[in-house]
Amino acid sequence: MILQARTRKPVVHSPMHDRLKFPANGFAGGKHGGRGHFSLTDGMRPYPKTRYTLPPEHEVVLRLPGGGGFYPPFEHDPELVRQGVLDGYVSREAARSDYGV
């Protein structure tokens with residue numbers, strides 16, 4: 001997601017992002033979640049728990065982290081995995097590689 005100030009003046013941004021370095025743990029054999037990403041469009045990567053001034057021409061690039069999984073993926077109900085693909089929550093590639101479906 002791209003965040004942009006709606007003003008032509010610099011704004012103070014005070015993010016409080018987590019799970020950028022260490023992903024969420026899985027539970028009972030589930031896989032770890034995905035790590036998040038936080039940067040500015042100029043390539044700068046400020047510390048995710050600091051306050052800084054965002055110039056009006058810059059944007060914040062934010063990819064939210066994913067949560068850890070529950071139980072081993074190969075034990076998931078194949079029909080539920082298929083429905084996850086149809087609903088856009090799971091890619092076809094992940095259904096094959098991660099869930100064996």
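Here are the numbers for the structure shown:
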| quantity | calculated |
| --- | --- |
| Tabulated pairs, the stretch 59-74, first over 23 Å from Phe27 (Cα atoms), second among the hydroxyl-bearing types (Ser, Thr, Tyr), C-beta under 9 angstrom, 6+ apart or interchain | Glu59/Thr41; Val60/Ser39; Val60/Thr41; Val61/Ser39; Val61/Thr41; Leu62/Ser39 |
| Number of positions in the stretch 18-51 that are touching a His at 6+ places or on another chain (Cβ under 9 Å), surrounded by 15 or more Cβ atoms within 10 Å (Cβ to Cβ) and of a type outside the set (Gly, Ala, Ser) | 6 |
| Every residue from the stretch 27-45 that is under 17 Å from the mean Cα position of the chain (by Cα), under 13 Å from Pro15 (Cβ atoms) and in a loop (DSSP other than H, G, I, E, B) | Gly36, Arg45 |
| Residue count, the stretch 33-52 (criterion: under 30 Å from Ala94 (Cβ atoms) and among the charged types (D, E, K, R)) | 2 |
| Matching residues, the stretch 8-17, being aliphatic (A, V, I, L, M) and either surrounded by 11 or more Cβ atoms within 10 Å (Cβ to Cβ) or at pLDDT 95 or above (or both) | Val11 |
| Which listed residue is of a type outside the set (Val, Ile, Thr), assigned to a strand (DSSP E or B) and surrounded by 11 or more Cβ atoms within 10 Å (Cβ to Cβ), from Leu80, Leu62 | Leu62 |
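The values are calculated or read from the model by the stated rules, or taken from the named source; none is laboratory data. Since we're looking at a predicted model, the values are computed, not measured. Positions of Cβ are generated from backbone atoms using ideal geometry, with glycine treated the same way; all protein chains shown enter the neighbour counts.
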